[in-house]
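The values are calculated or read from the model by the stated rules, or taken from the named source; none is laboratory data. Note that this is a predicted model, so its numbers are computed, not measured. Reconstructed Cβ throughout: ideal geometry from the backbone, glycine too, with neighbour counts over all protein chains shown. Accessible surface is based on the protein model in full, side chains and every heavy atom, while ligands, DNA and RNA are left aside. Shrake-Rupley method; radii C 1.70, N 1.55, O 1.52, S 1.80 Å.
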Amino acid sequence: MSENHFSGFKLRQAVSILEDGGIIAYPTEAIYGIGCDPEDDDALLEVLWLKQRPPEKGLILIAADFNQLQDYIAPLPAEVLSKLLQSWPGPNTWLVPVKPDVSPLLTGGRDTLAVRVTDHPIAAALCREFGGPIVSTSANLTGLKPAKSAYQVRWQLPEVDFVMTGACGGLQQPSTIRDALTGEVFR
């Protein structure tokens, strides 16, 4: 079996799990992330429970391109949109105004949502194959170091339904998080 065929099979398997409400782990620019379908509140609650993450912290959405985020974010001023588009794809997460019908489990109850257009090939391929953004939060129990390998994911979060294997990108730290309107840096 060729590497491309095997990778395609694994990708379809991961997407099938997302579509069925499952939780997957996958490499990103710096660390492994775990995620789910952002439209599935039960899956969102499962992610929070697995990580022991307080719901008020909210979650990040990653996408393969900006169009995949448009159902979630409110209209942006042209200069703000330009700033975001110039920073993507890449390890730049932006807090943007959110549409009113987006789950508070994603936003942490705030009027902003953290979003990123990823440049990691596996994470981007997951979003493309899924047909939309997926949740992305570090693959670790709250308070522990984020996983940087499939083995570390399985050690910290054995309940994850599926782990996409692959190398993380070369970054040493998770993506920068900034407010799109004010420029304030949160991470």
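From largest accessible area down, sort 168, 36; use a 1.4 Å probe on the protein chains.
Values: 168 30, 36 0 Å².
Largest to smallest exposure gives the sequence 168, 36.
May I ask you to compute the full-extension gain from residue 181 to residue 9, defined as 0.36 nm times their residue separation minus their alpha-carbon distance, rounded to one decimal in nm?
57.9 nm
If eta is 1.567 mPa s and T is 4 °C, what Stokes-Einstein diffusion coefficient results for the range 96-169, Kirkwood Rh from Cα pairs, in µm²/s?
Values: Rh = 14.2 Å.
Rounded, D is 91 µm²/s.
Charges only on Cβ, +1 for Lys and Arg, -1 for Asp and Glu: so what's the dipole of the chain about the Cα centre, in debye to the nearest 20?
In debye, rounded to 20, the chain gives about 720.
Pick from 143, 132, 21: which is most flexible by mean-square fluctuation in a GNM of the chain where alpha carbon atoms under 10 Å apart are linked?
Of the options given, 143 has the highest mean-square fluctuation.
At 1.4 Å probe size, what's the solvent-accessible area of residue 130? Round to the nearest 10 Å².
Approximately 40 Å² for this residue.
Of the listed values (i) 1, 9, 18, 22, 22, 16, 8, 3, 1, 0, 0; (ii) 1, 7, 15, 18, 16, 12, 9, 7, 4, 3, 3, 3, 2, 1, 0; (iii) 1, 8, 16, 20, 22, 19, 10, 3, 1, 0, identify the label whose number matches P(r) over Cα pairs in 5 Å bins from 0, in percent calculated from this model.
Structure-derived value, by its label: (i).
If you project the alpha carbons of the range 51-111 onto the principal axes, what extent comes out on each, in Å, largest first?
Extents along the principal axes, in whole Å: 34, 24, 17.
Let me check I've understood the local charge: for residue 87, count other residues with C-beta under 10 angstrom from its C-beta, Lys and Arg +1, Asp and Glu -1. What total comes out?
On the way: positive: 83, 116, 178; negative: none.
Once all neighbours under 10 Å are counted, the net charge is +3.
Around residue 160, with a cut-off of 13 angstrom between Cβ atoms, what is the net charge of the other residues, counting Lys and Arg +1 and Asp and Glu -1?
Surrounding charge for residue 160 is -1.
So how tilted is helix 78-87 from the main axis of the chain? Cα-based, degrees 0 to 90, rounded to 10.
30
At 0.36 nm per residue, and after removing the present C-alpha to C-alpha distance, how many nm does the segment from residue 16 to residue 99 gain when stretched out fully?
Value of the extension gain: 27.2 nm.
May I ask which of 57/145; 51/83; 83/145 have a Cα-Cα span longer than 21 Å here?
51/83; 83/145
With n ≥ 4 as the cut-off for DSSP H runs, can you work out [θ] at 222 nm for the chain, using -39500 (n - 2.57) per run divided by the number of residues, rounded to the nearest 500? Kindly include the intermediate steps, with their values, before the conclusion.
Numbers: 6 runs with 59 residues, N = 187.
Mean residue ellipticity at 222 nm (helix-derived): -9000 deg cm²/dmol.
When only the heavy atoms of the protein chains count and the probe is 1.4 Å, how do 49, 88 rank by accessible area, highest first?
Details: 49 160, 88 25 Å².
Putting 49, 88 in descending order of accessible area: 49, 88.
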